[in-house]
Structures are given as structure tokens and as C-alpha cells.
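The values are calculated or read from the model by the stated rules, or taken from the named source; none is laboratory data. These numbers come from a predicted model, not from an experiment. Please note: Cβ atoms are built from the backbone with ideal geometry, for glycine as well, and neighbour counts cover all protein chains shown. Surface accessibility is based on the protein's heavy atoms, side chains included, excluding ligands, DNA and RNA. Shrake-Rupley method; radii C 1.70, N 1.55, O 1.52, S 1.80 Å.
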Amino acid sequence: MRTTRVWTRRGAVLAVSALAVGLGAQGALASPKVVTKKTLAPGVVYQQINDTAIPARLYVLTFDAGTAATLDDVLSSSQIGTFQRTSYMGTNVGALAAVNGDLNDWPARPTHQYVQDGTVVQTGSRPGYSFGFRRDERGATIGYHPLRISATDNTLKTTVAVSSWNTDAPATDQVVGYSWYGGKYAKPAANQCSARLATPTALRWNTNENGAGRDYKVESVRCSSTTATTVNSGTVVLSAKMIGKGATFIKGLKVGATVHIGWTNDSPGAMDIVSGSALILKGGVLQYASKCRLDLCQRNPRTVAGVTATGKVILLVVDGRSSGSIGLTLYELGQQMKALGAVDAVNLDGGGSATMWIKGLGVVNHPTDSTGERPVSNGIVILPGADTAEASPLAARAGF
């Protein structure tokens, strides 16, 4: 259905003049026109909004909590190392809609921290600005919230920080972690002290639902200059250099003992965390000025995630690099998210990666690569009904 109507939000008409001047110096779209609107499920609405004054084409998904749909993040495959198109990922999980997620590093991995269904996939090359959406679907936490992982020997009551997960080799005194998600690209090496942990218990919340964790049983402990410890499905491996504080912790683990692996991110209630390169809106305040000259600020195709004060999630994709839609700067992107009702928003991957796919409509925006939709490493999807792959964490135990 193609229509032209005044842009509305929660039943209240936002007149063009109000959008142009109502936000004062922070501004908004000059002449927004809703040209397409479709309800995908109760509480899930897709719109295309055009502005000929910029010009820009904006594709908006709004998600209100309910039982009819859930938010989830998806990887391009079951392990690090494969690129897929956003439309493929959305179709593969039976989604109602999908957008591309975090920026991409080689080999086919998200750039920043990434958590899926309560399980850490990786810490990434740098933390980034996280978008942690709640398991109860009621909103999200957006901001600079680095992932923190710890390992606790439940017998000796000693705890160490796990410096990285499926990302880096251990430096002096560090302990790092690996899981099956790392595949052939992130795994333990020879010349390390490693402990393989198996038989994971049910996932438990931390105190105040700030992250979660599991207990594992120590299956093996080995320090070898020639042979690496392997990671199997259902196991994780903690590794350290052959000497140092990290090695002392690994060597102190006894076969058959239990180790608690837990993570926190200061995103209460979150089971899924995707991250981006820039915080563009925080507490309703634009984070980038109109005069910003950094490369990141320049006009480009964009994908962004935001949350309103009432917990509604907004996913926005903007076309760019064409006469019909020239893209948005980070300043303008913040303006548009604020006009849509967001109070916090994070810039995800953009440029040629910017993609929105809708079930029954296909890719609704216009990706800029000459080959069409760009394969990426991860995405954000809206699923019909419950996320059956996501765990229901048990209540927190004392001390966690």
C-alpha cells in the first residue's frame, strides 16, 4: 500500500512545521512523508519515510513489547568465519524483518563485543557502544558498556578476569577464553597452559540480572609447548601463558572441580548484545555536532538502533550515495532518531552494508554495492512469537 500522510507517532500528529522547528537548534526532517506503512505483527510496524528536501529515504521498524514477536541477534553462521546477506539470515531464522548489525572484521566476525541468547560469542577488537536488548522485550540499554568476563574456582574461591573471549591470545599474566563459536579462527594454541571446562549447568542471572553465567566442570588441565587444547561443542577453554599469574590460576584448577564463568555488561535484563561504532543520542541529547568533520560523521548510508523512553525499539536504515537519497551525517541521524521518539541511539554498520529486509517485501532499501546486497557477519531480527533458542535463566545465587 502506498500512501502519503503526515508523520505520526503513537497517534499524535507531528506536523511538518513542528518537526522543522519544534526541536529548536537540534532540528529534524524538513518535509517527512510516509509513503509506505505496514503492520508486520501486533506492535511491529514498518514504514518508509521520504524527505525530498535533503533528499533522504528512511526505512523504519518500530517494535513494541508484546507476545506477538521478539527481538534477537543472529550470526551469519554457527561459528566465526562466514559472511551472509542480511536477507539470508532473516529468511534462515523465519524472521518478520532483519537489518544488518555490527561492523565487520576479518575473518567474518563482528568488530565489537557480541552476546547471543545469553552466551558470549566474543569480546571483539574493542568494546564499541552496545545495544543490549532485554529478554522480556521491554526496551534496551544503549551506551558505552564494555563486556566483563570472570572465571571463579568454586573450590578455592579465587576469581580472575578473563581478558578476552574468542578474540586474542593471552598476554603476560592474562587468562583468555575460547568457545566453539571461535571455530578455526579463534582457538587455543601450543605453548599455553589451558583448562578445558565441560558439562555446563543451566544459565543463571547475576545479581540484578546484570549479565549471567554458568558452572562448568574441569575436564582437563595441561601446559604444553607442543600441543594445543581443543575446544569441542559444549566446552570452553581457559588459556594463559606458560608462566605468570594467569598460568598460576590455570594450574590451580583440579580435574572434577567446578568453575563459574560469568559476564556482565551493565545492561540489566539483556540476553543479546550487538554493538556499534558511535553513540549518536544519549538521554535525548545529540552526541555529534553539525560541524563534525571526522570521517565517521560524514554523509553516508546508515543503520541505527534506538530506544524510546517507554521502551519501544526503533531500527532505522537510511539510503545514501544516490541522487534520490544522499545519506545522513551522524548529526542528522541523531536528529531523525530524536524525531522518531528515541532517547538513546547507536550507529551500527552503514555504507554498503546498510540493509533492511522485510518478509514478503524483500530488501526494501537500496544497498549501494554494485553487486547488490552486501554479505555481512551478523544482523538483528524480529521473530514471530517467542525466541525458542533463548535460555530462561535461573535466579541469581548469592555472590554472583
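Descriptive notes on the structure:
- Here Leu19 fulfils each of the conditions (1) under 21 Å from Asn300 (Cα atoms); (2) in contact with a Phe, Trp or Tyr (Cβ under 9 Å, 6 or more places away or on another chain); (3) at pLDDT below 95; (4) of a type outside the set (S, T, N, Q) apart from (1).
- Which listed residue is over 15 Å from the mean Cα position of the chain (by Cα) and either modelled with pLDDT of 95 or more or open to solvent by less than 10 Å² (accessible area, probe 1.4 Å) (or both), from Asn92, Asn104, Asn100: Asn92
- Conditions (1) touching a Phe, Trp or Tyr at 6+ places or on another chain (Cβ under 7 Å); (2) not in a loop (DSSP other than H, G, I, E, B); number of the one not met by Asn365: (2)
- Close pairs from the stretch 211-240: first without any contact (Cβ under 8 Å) to a residue 40 or more places away in the chain, partner among the charged types (D, E, K, R), Cβ under 6 Å, at least 6 apart: Glu219/Arg196; Ser220/Arg196
- Test: residue in the stretch 221-232 that is surrounded by fewer than 21 Cβ atoms within 10 Å (Cβ to Cβ) and touching a Lys or Arg at 6+ places or on another chain (Cβ under 6 Å): no
- Inter-residue pairs, beta-carbon under 8 Å, first on the phi > 0 side of the Ramachandran plot and in the stretch 45-61, second buried (at least 22 other Cβ atoms within 10 Å of the Cβ), 6+ apart: none
- Residues of the stretch 103-117 that are in a loop (DSSP other than H, G, I, E, B) and among the charged types (D, E, K, R): Asp117 alone.
- Unique match (being in contact (Cβ under 8 Å) with a residue 24 or more places away in the chain, assigned to a loop (DSSP other than H, G, I, E, B), of a type in the set (A, V, I, L, M) and open to solvent by less than 30 Å² (accessible area, probe 1.4 Å)) among Ala195, Ala186, Ala171, Ala190: Ala186
- Per-region count, the stretch 246-270, residues among the hydrophobic types (A, V, I, L, M, F, W, C) and in a strand (DSSP E or B): 4
- Residue count for the stretch 271-301, restricted to those that are open to solvent by 10 Å² or more (accessible area, probe 1.4 Å) and either among the acidic types (Asp, Glu) or outside any loop (DSSP other than H, G, I, E, B) (or both): 7
- Test: residue in the stretch 221-232 that is touching a Leu at 6+ places or on another chain (Cβ under 7 Å), hydroxyl-bearing (Ser, Thr, Tyr) and over 25 Å from Val346 (Cα atoms): no
- Scan of the stretch 270-307 for residues that are of a type in the set (Asp, Glu) and in contact with a Phe, Trp or Tyr (Cβ under 9 Å, 6 or more places away or on another chain), ordered by number: Asp272
- Filtered residue count, the stretch 302-336, keeping only those that are more than 21 Å from the chain's Cα centre (by Cα) and open to solvent by 10 Å² or more (accessible area, probe 1.4 Å): 9
- Which numbered condition Ala41 misses (of (1) open to solvent by less than 20 Å² (accessible area, probe 1.4 Å); (2) of a type outside the set (S, T, N, Q); (3) in contact with a Ser or Thr (Cβ under 9 Å, 6 or more places away or on another chain)): (3)
- The stretch 368-384: number of residues that are open to solvent by 20 Å² or more (accessible area, probe 1.4 Å) and either over 9 Å from Thr86 (Cβ atoms) or among the hydrophobic types (A, V, I, L, M, F, W, C) (or both): 6
- Hits in the stretch 323-355 (condition: part of a loop (DSSP other than H, G, I, E, B) and over 21 Å from Ser31 (Cβ atoms)): Leu348, Asp349, Gly350, Ala354, Thr355
- Residue, farthest from Gly177 (Cα to Cα), within the stretch 233-253, restricted to residues that are open to solvent by less than 10 Å² (accessible area, probe 1.4 Å) and not hydrophobic (A, V, I, L, M, F, W, C): Gly246
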